[in-house]
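Below is one structure, written out as structure tokens, with a few remarks after it.
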Amino acid sequence: SVDSERAQEGAAMLRAEELGFIYPTAGRVFSGVGFELQRGEVLGLLGPNGTGKSTLLGVLAGDLRADGDVRLFGREVGAHRRSDLARIRSVMEQASQFPFAYRTWDVVAMGRTCWDSSPREDAAIVERALRAVRIEHLAERDVTRLSGGERARVTLARVLAQEARIVFLDEPTAALDVAHQERTFELCRRLADDGRAVVAVMHDIQVAAAHCDRIALMDSGRVVATGEP
């Protein structure tokens, strides 16, 4: 609940301990994983392909169940009601696929469904999110007709509109040009400075060094190092 979040303001926003995950068909993905995420922090999750970064992100977000313990604001992730969880954390997945011909505006507005706010307030937040990723001109466009980079920016705008306390991003700049990559991490910095926290799976070490407060390096299914860039 929101009250439990406020009670934990001085503690870690997220704490993971001894996480392990096994796919029935692929075997163990990672084991013994643990770290903390602090308020106001941008944490980069780096490592070779196939080392479990995206799976770990899903576990931390509560979308995948794993061995070990994940706590958001001091409470086990599975103990949060889904409606509360949606207000606590938002997730941008690696692939921005839209199976139906929604307008861009409607997709971004989906980020507001977890909040009991007025239509006027929701509309203002959606407009702000569209401006933040510079896709106001795409508001009435069919998302199935957008480019890969445009779809990624629509997904990011939805995540921003959700106004969650913790933001999980899985390779958020993979489909973007350099200018929009920089813009994305500027937005991450702004979120952190606003008292939220961001975890981003990424591959570019120079970008991580420039924009992250801390980095967690994964290899062979384990977090092998954490610290400042």
ask   = Counting pairs of alpha carbon atoms under 8 Å apart in space and at least six apart in sequence, what relative contact order in percent does the chain give?
value = 28 percent
note = The size of the Cβ-based charge dipole (Lys, Arg +1; Asp, Glu -1) of region 132-229 about the Cα centre, to the nearest 20 debye, is 200 debye
ask   = Which residues' amide hydrogens lie under 5 Å from the amide hydrogen of residue 102, considering only partners 5 or more residues apart or on another chain, with H built in the peptide plane?
value = 143, 144
ask   = How large is the helix-only mean residue ellipticity at 222 nm for the chain, computed as the sum of -39500 (n - 2.57) over DSSP H runs with n ≥ 4, divided by its residue count, in deg cm²/dmol to the nearest 500?
value = -10000 deg cm²/dmol
ask   = Remind me, relative contact order of region 7-76 in percent, using alpha carbon pairs under 8 angstrom and six or more residues apart?
value = 44 percent
task = Rank 40, 83, 52 by how far each Cα sits towards the positive end of the charge dipole of region 37-93 (+1 on Lys, Arg Cβ; -1 on Asp, Glu Cβ) and give me just the farthest.
result = 83
ask   = So for the pair residue 103, residue 25, with labels modelled 7 Å out along Cα→Cβ, what separation do we get in nm?
value = 3.9 nm
inquiry  = Students sometimes get this wrong: rank 203, 137, 211, 80 by accessible area, probe 1.4 Å, all chains present, largest first.
reply    = 137, 203, 211, 80
task = Would you please classify the overall shape of region 68-131 from the alpha carbon gyration tensor, given that a ≥ b ≥ c denote the square roots of the eigenvalues, rounded means a/c under 1.5, and beyond that prolate means a/b larger than b/c while oblate covers the rest?
result = oblate
Which label in (i) 15.9, 46; (ii) 17.1, 49; (iii) 19.1, 67 gives the computed Rg and Dmax of the Cα atoms in Å = (ii)
note = Once all protein chains are kept in place, residue 131 shows an accessible area at probe 1.4 Å, nearest 10 Å², of 120 Å²
task = Compare the peptides 51-58, 115-122 by average per-residue count of other Cβ atoms within 10 angstrom and give them in order, highest first.
result = 51-58, 115-122
ask   = With every protein chain present, what is the per residue accessible area of the chain (1.4 Å probe, Å²)?
value = 48 Å²
inquiry  = Probe radius 1.4 Å, ligands and nucleic acids ignored: give me the carbon and sulfur share of the accessible area of region 6-71 as a rounded percent.
reply    = 44 percent
request  = Using a 1.4 Å probe and counting only protein heavy atoms, arrange 128, 153, 189 so the residue with the most accessible area comes first.
outcome  = 128, 189, 153
Within the accessible area of region 119-191 (1.4 Å probe), percent carbon and sulfur = 47 percent
inquiry  = If I model a spin label at residue 136 and residue 205 as a point 7 Å from the Cα along the Cα→Cβ vector, what separation in nanometres do I get?
reply    = 4.1 nm
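The values are calculated or read from the model by the stated rules, or taken from the named source; none is laboratory data. Here the structure is a predicted model, which is why all the values come from computation and not from measurement. Note that we place each Cβ from the backbone using ideal geometry, even for glycine, and neighbour counts take in every protein chain shown. These accessible areas exclude ligands, DNA and RNA; they are computed on the full protein's heavy atoms, side chains included. Shrake-Rupley method; radii C 1.70, N 1.55, O 1.52, S 1.80 Å.
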